[in-house]
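Q: What follows is a structure written as structure tokens; I'll ask about it next.
Read the figures in this text as sums done on the coordinates, not as results from a lab. Here the structure is a predicted model, which is why all the values come from computation and not from measurement. Virtual Cβ from ideal backbone geometry, glycine too; neighbours counted across all protein chains shown.
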Amino acid sequence: MTAGTARGELFILSAPSGAGKTTLVHRAMELVDGVEFSISHTTRRPRENEKDGVDYHFVARDAFASMVATNRFLEWAEVHGNSYGTSVDEVLPRIESGTDVLLDIDVQGAAQVMAAGGAAGQLDTAVHSIFVMPPSPRALVERLRGRDLDEAPAIRQRLQGALGELGRVREYDYVIVNDRAEAASNTLAAIILEKRQRRERMRERVLSVLADFHAHGPFS
Ligand code: ADP
Ligand code: 5GP
């Protein structure tokens with residue numbers, strides 16, 4: 001981190017599978033500079049269109065377990081029968097260099113980060129949590145089926161989990177209803193941008209402008 005650069009902040013996105021988190025994350029990153037996606041580790045098998053190191057770090061169960069044992073995860077959880085985790089290495093260097101980080105993680109992992117990963121935790125930065133809701137059950141079913149990436153049993157498992165996940169919306173700071181993807185991703189971008197303008201995060205910039213004024217007064 002260069003002297004005076006504010007630390008990046010953490011943005012957690014959770015939603016029932018198929019609500020559109022991946023879509024919103026990609027669009028928001030096109031709209032806002034200085035924000036990056038944390039690539040999770042998972043024991044799930046890659047889907048046809050997924051690439052190792054891009055969508056996820058795909059690892060075997062024993063490799064995942066050894067990362068758990070050596071405290072390499074900021075959070076991890078079992079979701080739909082597989083393990084998923086956010087490694088400290090994906091997040092901490094970015095936060096330290098002033099880059100904001102987006103986490104697409106489930107409600108269990110989000111609760112772990114909210115409890116331990118904020119200002120008091122090893123990240124030493126602000127954590128903002130955003131829950132993405134599908135506009136209706138019908139839309140969720142259509143999106144999961146329309147995505148055409150999961151087998152029928154996996155889709156059923158994801159739909160069965162949806163109600164429990166939606167019930168935890170109250171734990172989050174922000175809610176975005178993903179009705180139209182463009183509007184929803186604009187809203188996500190707006191939340192990220194708004195956080196950057198808070199006075200405490202602008203502190204170094206403010207001090208530098210003020211110093212300039214003091215050095216060059218009376219502005220001739
Ligand atoms: P998640 O990452 O939450 O599992 P995805 O981003 O993969 O969800 O979205 C699931 C499917 O729904 C994808 O086919 C995606 O193109 C589609 N989708 C996402 N947002 C919308 C939207 N606002 N309206 C219609 N379809 C959407
Ligand atoms: P999918 O298999 O559809 O990519 O993701 C299934 C679920 O796992 C989603 O709810 C997603 O948010 C969650 N997930 C992805 N990565 C992580 C992670 O690193 N940690 C946790 N706790 N959940 C994750």
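Q: Out of the residues in the range 116-160 that are closer than 16 Å to G8 by Cβ and touching a Gly at 6+ places or on another chain (Cβ under 6 Å), state the one that is farthest from ligand 1 (Cβ to nearest atom).
A: This residue is L123.
Q: Which residues, taken from the range 176-186, are more than 16 Å from ligand 2 (Cβ to nearest atom) and either outside any helix (DSSP H, G or I) or within 24 Å of R7 (Cβ to Cβ) (or both)?
A: Once the filter is applied, which keeps residues that are more than 16 Å from ligand 2 (Cβ to nearest atom) and either outside any helix (DSSP H, G or I) or within 24 Å of R7 (Cβ to Cβ) (or both), the range 176-186 yields V177, D179, R180.
Q: Going through the range 130-173 one residue at a time, which ones are part of a loop (DSSP other than H, G, I, E, B), out of contact with any strand residue (DSSP E or B) (no Cβ under 9 Å at 6 or more places or on another chain) and crowded, with 16+ Cβ neighbours inside 10 Å?
A: Once the filter is applied, which keeps residues that are part of a loop (DSSP other than H, G, I, E, B), out of contact with any strand residue (DSSP E or B) (no Cβ under 9 Å at 6 or more places or on another chain) and crowded, with 16+ Cβ neighbours inside 10 Å, the range 130-173 yields only D150.
Q: Continuing with the same structure: Please find, among R7, R44, the residue that is among the basic types (K, R), away from ligand 1 (no atom under 12 Å from the Cβ) and closer than 22 Å to R158 by Cα.
A: R44
Q: Got a number for residues in the range 3-23 being more than 7 Å from ligand 2 (Cβ to nearest atom), touching a strand residue (DSSP E or B) at 6+ places or on another chain (Cβ under 6 Å) and of a type in the set (D, E, K, R)?
A: Number of matching residues: 1.
Q: Examine the range 105-114 for a residue that is β-branched (V, I, T), closer than 23 Å to T5 by Cα and either touching a residue at least 60 places away in the same chain (Cβ under 8 Å) or within 16 Å of ligand 1 (Cβ to nearest atom) (or both), and state whether such a residue exists.
A: no
Q: Can you tell me which residue is nearest to I12 (Cα to Cα) among those in the range 195-212 that are assigned to a helix (DSSP H, G or I) and among the basic types (K, R)?
A: K195
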